[in-house]
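**Q** I'd like to ask some things about the structure below.
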Amino acid sequence: RVYVPQGVTLLEGTRFPLPPGSLYRRMSSEGEGRGEPTLEPGEGGKDVLGTFFVVAPQECQEVHFAYELPGKVKAQGEGKRYSLLIQKQPGTLALPISVRIELPPSAEVIAADPEPSALQGSVLEYGFRLSTTKHLEVVFR
């Protein structure tokens, strides 16, 4: 489960085969038995992205979600400010996180905190391990 701002649009997500004989697979309306990513209403101004998958002992799985955020850009002086809060779940390890922020094609980045790993035109990319809650902020015009 991933908590996201209310009003996002789920574009795509990782699909996993459901284990044969599992209750979730028997209840699934899909004949192929794949866990489809879902977007559910949450609480406290958040929605929830989720998918069902099984992780065998001593193994790991990567899960990807692509979603579009609602228009949450605020005016700041002569520019605009976009901020993103990535909350670390208590008790989890420092998981690797990749974030790609695509501004309008004509946008010019004025400031970014923290510095992105890569900046190409109006696209900022971040890559880090989420050891604590992280706040990303981009000011652009």
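The values are calculated or read from the model by the stated rules, or taken from the named source; none is laboratory data. Given the structure is predicted, the values throughout are model-derived calculations rather than measurements. Please note: Cβ atoms are built from the backbone with ideal geometry, for glycine as well, and neighbour counts cover all protein chains shown. With ligands, DNA and RNA removed, areas are computed over all heavy atoms of the protein, side chains included. Shrake-Rupley method; radii C 1.70, N 1.55, O 1.52, S 1.80 Å.
**Q** Could you check how much of the accessible area of the chain is carbon and sulfur, as a whole percent, using a 1.4 Å probe?
**A** Details: 4980 of 9900 Å².
Reported share for carbon and sulfur atoms: 50 percent.
**Q** How much length is gained if the chain between R100 and A66 is pulled fully straight, taking 0.36 nm per residue apart and subtracting their Cα-Cα distance, in nm to one decimal?
**A** Numbers: separation 34, 0.36 × 34 = 12.24 nm, distance 0.99 nm.
Contour length minus Cα-Cα distance gives 11.2 nm.
**Q** If you consider only alpha-carbon coordinates, what radius of gyration and Dmax does the chain have, in Å?
**A** When restricted to the Cα atoms of the chain, Rg and Dmax are 17.7, 59 Å.
**Q** While we're on this one: So how far, in whole Å, is the C-alpha centre of the stretch 32-110 from the one of the stretch 127-141?
**A** Computed from Cα coordinates, the inter-centre distance equals 12 Å.
**Q** Give me the distance in nm between label points sitting 7 Å out from Cα along the Cα-to-Cβ direction at R81 and V48, one decimal.
**A** For the pair R81/V48, the computed spacing is 3.1 nm.
**Q** For the chain, what's the relative contact order in percent, using C-alpha pairs closer than 8 Å and at least 6 residues apart? Intermediate values should be presented prior to the final figure.
**A** Values: 246 pairs, mean separation 32.5, N = 141.
For the chain, the relative contact order is 23 percent.
**Q** Using modelled backbone amide H atoms (1.01 Å from N, in-plane), which distant-in-sequence or interchain residues come within less than 5 Å of A66's amide H?
**A** Answer set, sorted by chain and number: L11, E12, G13.
**Q** Convert each backbone phi in the stretch 14-21 into a coupling constant with the Karplus relation 6.51 cos²θ - 1.76 cosθ + 1.60 (shift: θ = phi - 60°), then list the ³J(HN,Hα) values in order as whole Hz, x for Gly and Pro.
**A** 5, 10, 10, x, 8, x, x, x
**Q** Another question, then. Can you give me the accessible area per residue for the chain, using a 1.4 Å probe, in Å²? The partial results should precede the final answer.
**A** Details: 9900 Å² over 141 residues.
Averaged over the residues of the chain, the accessible area is 70 Å².
**Q** Compute the convex hull volume of the Cα atoms of the stretch 79-124, divide it by the residue count, and report the result per residue in Å³ as a whole number.
**A** Details: hull volume 4.0 nm³, N = 46.
Residue-normalised Cα hull volume stands at 86 Å³.
**Q** Rounded to the nearest 0.05, what FRET efficiency do V123 and L93 give with R0 = 35 Å and r taken as the Cβ-Cβ distance? Could you check?
**A** Working: r = 29 Å, r/R0 = 0.81.
Efficiency at R0 = 35 Å is approximately 0.75.
**Q** What number, rounded to the nearest 500 deg cm²/dmol, is the helix-based mean residue ellipticity at 222 nm of the chain, given -39500 (n - 2.57) per DSSP H run of at least four residues and division by all its residues? Show your work: numbers first, answer last.
**A** On the way: 1 runs with 5 residues, N = 141.
Theoretical 222 nm ellipticity from helices: -500 deg cm²/dmol.
**Q** Applying the Karplus parametrisation 6.51 cos²θ - 1.76 cosθ + 1.60 with θ = phi - 60° to the phi angles of the stretch 86-97, what ³J(HN,Hα) value in whole Hz is obtained for each residue in order, glycine and proline being reported as x?
**A** Karplus-based 3J(HN,Hα) across the stretch 86-97 equals 10, 8, 7, 7, x, x, 8, 6, 6, 6, x, 10 Hz.
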